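Since every read-out is calculated from the coordinates, none of them should be taken as a lab result. Bear in mind the structure is a predicted one, so any value in this text is a computation, not a measurement. Here Cβ is always computed from backbone atoms with ideal geometry, including for glycine, and neighbour counts include all displayed protein chains.
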Amino acid sequence: MSGPAFADDGYAETPGTEGNGNFKIGPDYRIDPDLTDQGNPKGKYFEFSMRLADSKIFRGDDSTLDPRKDVREQRKIFVYIPAAYKDGTEAPILVTHDGPSRLNLVRNALDNLTISKDPRRRLPAFIAIAVQNGGNDSKGSERGLEYDTMSDRFARFINDEVLPAVLNNAKIKAAYPNIAFTDNPWGKAAMGCSSGGAAALTMGWFRPDLFRRLITYSGTFVDQQDDYAAEESTYPLGAWEYHSSMKLIETEDKKPLRIFTHVSENDNRAKDPESTYHNWVMANERTAAALKAKGYDYRYVYSRATRHCDGRVFEQTLADTLVWMWRGYHAE
């Protein structure tokens with residue numbers, strides 16, 4: 001079930017429809033200059049670890065875990081605070097999965113676009129928080145448990161444990177004594193690739209009171225939820241249910257979300273060619289169609305001649321994706 005609705009208290013934004021819809025790119029790719037180091041003022045970078053055993057949500061000892069799949073003892077947290085951030089202001093945030101993931105590109109985008117003279121291509125000074133997964137992959141893994149489970153558990157983990165850990169980190173507090181995050185869910189974004197992409201959508205789907213801007217590349221909207229998960233009774237095909245015969249996106253009430261999705265032409269197509277429930281391209285095409293049918297603000301990119309989580313796609317599109325994702329946001 002979704003959490004309580006956010007009391008917007010008069011907050012409203014009018015992003016318009018620019019950049020919405022379906023797009024195809026490739027087969028030629030280049031890096032966007034806005035994702036390169038242009039010599040602009042740099043922010044501050046921090047790194048620390050969180051022990052899984054100290055967590056109340058993901059301790060690494062769930063009964064569904066396959067003992068043959070390693071679980072990390074600690075997960076690393078990577079934080080970038082852009083030069084444009086002013087200590088004491090309530091910052092918007094972007095949480096990225098499988099940290100550090102594409103944090104290098106996000107950092108360059110922040111350095112370049114928070115000071116852009118073009119108001120249509122300007123980013124707010126959000127704080128980027130890249131969170132390492134709990135280890136291994138797919139069914140029976142800690143990463144799979146965190147990312148592929150259809151529940152609000154991962155959103156709660158980020159909100160209740162990771163964000164306070166960032167705010168209370170000694171080195172971060174020394175540099176920014178009055179650091180704060182916005183409470184406005186429109187100021188909270190999540191981004192991931194593969195199962196991390198599914199996790200981004202799931203965070204907002206189950207907790208739109210916490211996260212509303214969602215970015216998924218090569219999203220694992222397939223049946224990768226653990227077969228022994230308690231959620232199987234409600235969502236037997238895992239994230240496939242967003243677009244399956246259950247049609248969660250189309251049948252549930254429209255949620256206050258802004259959603260970017262992407263799939264590559266060769267996105268895990270050969271991984272399990274005989275299994276309908278593991279067809280990444282079909283899953284993403286149907287997810288985009290469902291978002292369109294329901295009237296969501298969505299942007300869907302199909303990249304030709306590329307593979308799963310292809311770095312060339314990030315290098316060409318991520319600046320545009322971030323600009324589109326944050327369009328309309330303003331400090332309260």
(message) Just to be sure I understand the rule: take each whole DSSP H helix in the chain, project its Cα atoms onto its long axis, keep it if the span is 18 Å or more and its mean Kyte-Doolittle hydropathy is at least 0.0. Which ones pass?
(response) 311-326
(message) If I take R0 = 35 Å and measure r between the Cβ atoms of residue 89 and residue 227 in this structure, what FRET efficiency does the formula 1/(1 + (r/R0)^6) give, to the nearest 0.05?
(response) 0.15
(request) Report, in deg cm²/dmol and to the nearest 500, the calculated mean residue ellipticity at 222 nm for the chain, where each DSSP H run with n ≥ 4 adds -39500 (n - 2.57) and the sum is divided by the residue count. (result) -7000 deg cm²/dmol
(request) Taking 7 Å along the Cα-to-C-beta vector as the label spot, tell me the residue 180-residue 254 distance in nanometres, rounded to one decimal. (result) 3.3
(request) Determine the percent antiparallel among the DSSP beta bridges restricted to the chain, to the nearest 5. (result) 25
(request) Using R₀ = 41 Å, calculate the FRET efficiency as 1/(1 + (r/R₀)^6) where r is the Cβ-Cβ separation of residue 245 and residue 28; round to 0.05. (result) 0.60
(request) Report the percentage of all Cα-Cα pairs in region 21-326 whose separation exceeds 31 Å, rounded to a whole percent. (result) 26
(message) Taking 25 Å as the cut-off for C-alpha to C-alpha distance, list the pairs among 42/188; 42/255; 76/139; 69/173; 56/76 that go past it.
(response) 42/255; 69/173
(message) Using a Förster radius of 56 Å, what is the FRET efficiency between residue 17 and residue 53 based on their Cβ-Cβ separation? Nearest 0.05, please.
(response) 0.75
(request) Order these peptides, 53-59, 71-77, 193-199, by their mean beta-carbon neighbour count within 10 angstrom, highest first. (result) 193-199, 71-77, 53-59
(request) Could I have the simple spin-label model distance between residue 266 and residue 161, label points 7 Å from Cα toward Cβ, reported in nm to one decimal? (result) 3.8
